[in-house]
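Engineer: Sharing a structure, written as structure tokens. Questions coming.
The values are calculated or read from the model by the stated rules, or taken from the named source; none is laboratory data. From a predicted model like this one, the values you see are computed outputs, not experimental measurements. Positions of Cβ are generated from backbone atoms using ideal geometry, with glycine treated the same way; all protein chains shown enter the neighbour counts.
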Ligand code: PMP
């Protein structure tokens, strides 16, 4: 900016220095490649001209068809055909697309009410409230729950929307080591002043904030222990199920279902519709009083336009399929297929000598590359071989824990997974990725 000479600090300075350093500039092709298909089991990427590293998007006119390991389409509902799509199409004919109003003004259709009842029933809570964006569900509702004088105890790997919500709330924030229950209890013990829990409790409310499945780690929250600690230290629990709702548990009802726990013990159950339901938006489910409170204080409910009808219809129909209310076993079939795919794929990767993070049943499968320089190499190599993947590095991971992430879907066939595995096996040699000491290669 020429005004810098006059002492101006460019408005874009912090963004520019952080995200557009040369490394990120020259690997933009790996992250900003528009797609021109449904993000289903396969995906079509538009090819960019090789010297186009900017935001201008110059295309060669050709495309690359890939097996899609890069979308959160866990149950395969991101489709442009089938019952969900047909119902969503009908809903456009009936109600249009935009609501042109917030929920509390004239933005509530019967469809919104139906969705909220269904979500509450699905997750096992009294009531639920829904929002047009998952990110805003966290960022704009946490300030309605806690404020100055309260304490948020947050997992080290919590999503950016939870961190933003925590900061916006004005509550004090303490962080515990990722999914480490000893570390969590230590924070709790220090927060409550040992021995005199009532009289020396310096916080109005204490909220433990965790996720069901962590999107960069593939780990599953230790919910049974967290609920024990919650009772012992008289705190509340806020659970973000963005990645676990639909994808975990024998009935697809998230980590509570996975562990066979009582949903009533989780005070705030948050989730998104962007992954397992192939749609958009987020929800918070809880007691009737809690949801009534959010309806009046949440900025996302009061000041944002309500969810679009086809988006709601897609959720209602896919959730009914998951619940078996369509009268078929399709939902069950997809849940089981996802679990099979996740286990199969993870085991095969481990057998290749790769370092694979996360729980054995998690559909999020991160493979460690460690070096940031390998991120672009693996993305380009896999894309060339017809496999779309996501590379993750700093600031989403520690600098030296760069990784490539595979997201499994019920819509992946065994042949597709085998083809992906074959391509990774080749890339693993090319990029020296077999770090596991258990692998014969390293003995
Ligand atoms: N919470 C978590 C844990 C997430 O991973 C994400 C995004 N992937 C969100 C919230 C935000 O949801 P959305 O993308 O639906 O806005």
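Engineer: So which residues in the stretch 275-295 are within 13 Å of the ligand (Cβ to nearest atom) and surrounded by 22 or more Cβ atoms within 10 Å (Cβ to Cβ), if there are any at all?
Structural biologist: 275, 276, 277, 278, 279, 281, 282, 283, 284
Engineer: Which of the residues spanning the stretch 259-289 are assigned to a helix (DSSP H, G or I) and over 29 Å from residue 71 (Cβ atoms)?
Structural biologist: 264, 265, 288, 289
Engineer: Name every residue in the stretch 343-369 that is out of contact with any strand residue (DSSP E or B) (no Cβ under 8 Å at 6 or more places or on another chain) and either on the phi > 0 side of the Ramachandran plot or crowded, with 21+ Cβ neighbours inside 10 Å (or both), in order of residue number.
Structural biologist: Within the stretch 343-369, 353 is the sole residue that qualifies.
Engineer: Wholly within the stretch 290-363, which helices (runs of 4 or more DSSP H) include no fewer than the required count, namely at least 1 residues that are out of contact with any helix residue (DSSP H, G or I) (no Cβ under 9 Å at 6 or more places or on another chain)?
Structural biologist: 330-351
Engineer: A further question on this structure: Could you list, in sequence order, the residues of the stretch 136-161 that are within 15 Å of the ligand (Cβ to nearest atom) and either outside any helix (DSSP H, G or I) or surrounded by fewer than 19 Cβ atoms within 10 Å (Cβ to Cβ) (or both)?
Structural biologist: 154, 155, 156, 157, 158, 159, 160
Engineer: Same structure, new question: Condition test on residue 329, is it over 18 Å from the mean Cα position of the chain (by Cα), within 20 Å of residue 223 (Cβ to Cβ) and without any contact (Cβ under 8 Å) to a residue 40 or more places away in the chain?
Structural biologist: no
Engineer: So which of 60, 56 ends up being assigned to a loop (DSSP other than H, G, I, E, B), surrounded by fewer than 13 Cβ atoms within 10 Å (Cβ to Cβ) and assigned by TED's automatic domain parsing to the domain that holds residue 383?
Structural biologist: After applying the criteria, what remains is 56.
Engineer: Scan (1) within 16 Å of the ligand (Cβ to nearest atom); (2) modelled with pLDDT of 95 or more; (3) more than 16 Å from residue 233 (Cβ to Cβ); (4) touching a strand residue (DSSP E or B) at 6+ places or on another chain (Cβ under 8 Å) for the single condition residue 164 breaks and write down its number.
Structural biologist: (4)
Engineer: Please identify the pairs in which a residue from the stretch 134-163 that is under 19 Å from residue 305 (Cβ atoms) has its Cβ atom under 6 Å from the Cβ atom of a residue that is more than 10 Å from the ligand (Cβ to nearest atom) and assigned to a strand (DSSP E or B), counting only partners at least 6 apart or on another chain.
Structural biologist: Sorted first by the residue in the stretch 134-163, then by its partner, the pairs are 141/284.
Engineer: Quick check on residue 306: is it buried (at least 24 other Cβ atoms within 10 Å of the Cβ) and over 22 Å from residue 153 (Cα atoms)?
Structural biologist: yes
Engineer: Next up: Please tell me if residue 315 is outside the structural domain of residue 162 (by TED's automatic domain parsing) and modelled with pLDDT of 95 or more.
Structural biologist: For residue 315, the condition - outside the structural domain of residue 162 (by TED's automatic domain parsing) and modelled with pLDDT of 95 or more - is not met.
Engineer: Just checking, does the stretch 67-78 include any residue being closer than 24 Å to residue 265 by Cα, assigned to a loop (DSSP other than H, G, I, E, B) and either touching a residue at least 24 places away in the same chain (Cβ under 8 Å) or more than 16 Å from the ligand (Cβ to nearest atom) (or both)?
Structural biologist: Within the stretch 67-78 (the criterion being closer than 24 Å to residue 265 by Cα, assigned to a loop (DSSP other than H, G, I, E, B) and either touching a residue at least 24 places away in the same chain (Cβ under 8 Å) or more than 16 Å from the ligand (Cβ to nearest atom) (or both)), the answer is no, since none of the residues qualifies.
Engineer: Quick check on the stretch 174-193. Is at least one of its residues touching a residue at least 60 places away in the same chain (Cβ under 8 Å) and either in a helix (DSSP H, G or I) or in the same structural domain as residue 265 (by TED's automatic domain parsing) (or both)?
Structural biologist: no
Engineer: Going by the conditions given, is residue 128 in the same structural domain as residue 298 (by TED's automatic domain parsing) and either more than 21 Å from residue 323 (Cα to Cα) or part of a helix (DSSP H, G or I) (or both)?
Structural biologist: It is false that residue 128 is in the same structural domain as residue 298 (by TED's automatic domain parsing) and either more than 21 Å from residue 323 (Cα to Cα) or part of a helix (DSSP H, G or I) (or both).
Engineer: Within the bounds of the stretch 210-219, is there any residue that is over 24 Å from residue 390 (Cβ atoms) and either free of Cβ contacts under 8 Å to residues at least 40 places away in the same chain or in contact with a helix residue (DSSP H, G or I) (Cβ under 7 Å, 6 or more places away or on another chain) (or both)?
Structural biologist: The answer is no, given that none of the residues of the stretch 210-219 is over 24 Å from residue 390 (Cβ atoms) and either free of Cβ contacts under 8 Å to residues at least 40 places away in the same chain or in contact with a helix residue (DSSP H, G or I) (Cβ under 7 Å, 6 or more places away or on another chain) (or both).
Engineer: What do you reckon, is residue 207 surrounded by 21 or more Cβ atoms within 10 Å (Cβ to Cβ), more than 15 Å from the ligand (Cβ to nearest atom) and in the same structural domain as residue 112 (by TED's automatic domain parsing)?
Structural biologist: Spelling it out, residue 207 is indeed surrounded by 21 or more Cβ atoms within 10 Å (Cβ to Cβ), more than 15 Å from the ligand (Cβ to nearest atom) and in the same structural domain as residue 112 (by TED's automatic domain parsing).
Engineer: Within the stretch 199-213, how many residues turn out to be more than 17 Å from residue 165 (Cα to Cα) and part of a loop (DSSP other than H, G, I, E, B)?
Structural biologist: 7
Engineer: Somewhere in the stretch 396-417, is a residue in a helix (DSSP H, G or I) and without any contact (Cβ under 8 Å) to a residue 12 or more places away in the chain?
Structural biologist: Yes: one or more hits.
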